[in-house]
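*Asks:* The following block contains the structure, expressed as structure tokens.
The values are calculated or read from the model by the stated rules, or taken from the named source; none is laboratory data. Quantities reported herein were computed from a predicted structural model and do not represent experimental measurements. Note that we place each Cβ from the backbone using ideal geometry, even for glycine, and neighbour counts take in every protein chain shown.
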Amino acid sequence: MRYKLFPFVMVAFVVVLLVSNTVAVKVTQLGPFYFDGATVLFPLAYIFGDILTEVYGFKKSRFVIWSGFAACAFMASVYWLIGVIPAAPDWGNQGAYNAILGQTPRIVLASLVAYFCGEFVNSFIMAKMKILTLGRRLWTRTISSTVAGQAVDTSLFVVIAFAGVIPWAALLYMAVSNYIFKTSFEAAATPVTYAACGWLKRVEQEDYFDNETNFNPFAVSLEDLE
């Protein structure tokens with residue numbers, strides 16, 4: 001079955017993901033919360049993930065997650081390649097480029113692993129809980145999947161990226177700040193998720209249940225787009 005809006009939702013998901021990883025270089029503080037710039041935008045990726053799984057099912061969500069993974073890996077590779085190409089003698093911004101777009105292998109690895117595991121945990125819980133709740137009480141699925149997915153994502157990223165570099169007390173504070181902010185953000189956006197899911201279900205005439213789905217995250221194929 002071909003859907004009218006699935007390609008646009010997929011593109012929006014990947015765009016949010018790429019922009020999030022780009023702005024992650026800025027460390028910010030908002031009240032008691034101390035986090036990188038991606039924390040402000042990255043919860044939108046989980047909202048899109050919830051919408052994808054709720055409306056189109058785990059298989060299509062799996063394809064989108066892998067697409068996002070490939071896009072992030074490609075972006076990191078390009079940033080690195082452009083960074084190592086010698087700068088023109090009269091261009092004095094190489095330091096600025098390295099500071100903003102320079103890709104530290106450890107950070108890239110942390111980002112990709114955390115995203116991959118967190119998104120699949122989020123999508124799996126969404127799909128399974130939809131079956132258990134018979135499609136009712138969407139808020140229980142979005143919040144539960146976010147609580148679990150963000151816990152996995154935040155923990156993996158912070159540990160892989162900064163363990164041994166930042167003191168453990170500061171690391172814990174950063175992880176907790178990120179986690180609370182992200183989960184609170186998505187909980188507050190529940191009405192928007194409800195509205196988006198309801199509208200897409202009407203337009204696409206779809207409300208997919210993963211009763212016979214293979215939940216292996218590595219079983220992705222082009223057939224998932226059919």
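*Asks:* What number goes with the only condition from (1) in contact (Cβ under 8 Å) with a residue 12 or more places away in the chain; (2) farther than 20 Å from Thr146 by Cβ; (3) surrounded by 13 or more Cβ atoms within 10 Å (Cβ to Cβ); (4) not aromatic (Phe, Trp, Tyr) that Ala87 does not pass?
*Replies:* Result: Ala87 fails condition (1) only.
*Asks:* Name the pairs: first residue in region 170-185 and under 10 Å from Val158 (Cβ atoms), second residue crowded, with 19+ Cβ neighbours inside 10 Å and polar (S, T, N, Q), Cβ to Cβ under 7 Å, at least 6 apart or on different chains?
*Replies:* Ala175/Thr154; Asn178/Thr39; Asn178/Thr154; Tyr179/Gln150; Tyr179/Thr154
*Asks:* Which one of the conditions (1) farther than 15 Å from Ala45 by Cα; (2) modelled with pLDDT of 85 or more; (3) buried (at least 19 other Cβ atoms within 10 Å of the Cβ) does Val108 fail to meet, given that it meets all the rest?
*Replies:* Of (1) farther than 15 Å from Ala45 by Cα; (2) modelled with pLDDT of 85 or more; (3) buried (at least 19 other Cβ atoms within 10 Å of the Cβ), only one is false for Val108: (2).
*Asks:* Considering each residue of region 187-205, count those that are part of a loop (DSSP other than H, G, I, E, B) and either surrounded by 15 or more Cβ atoms within 10 Å (Cβ to Cβ) or at pLDDT below 90 (or both), and give that number.
*Replies:* 1
*Asks:* Given (1) among the charged types (D, E, K, R); (2) more than 14 Å from the chain's Cα centre (by Cα); (3) in a helix (DSSP H, G or I), identify the lone condition not met by Asp153.
*Replies:* Just one mismatch for Asp153, condition (2).
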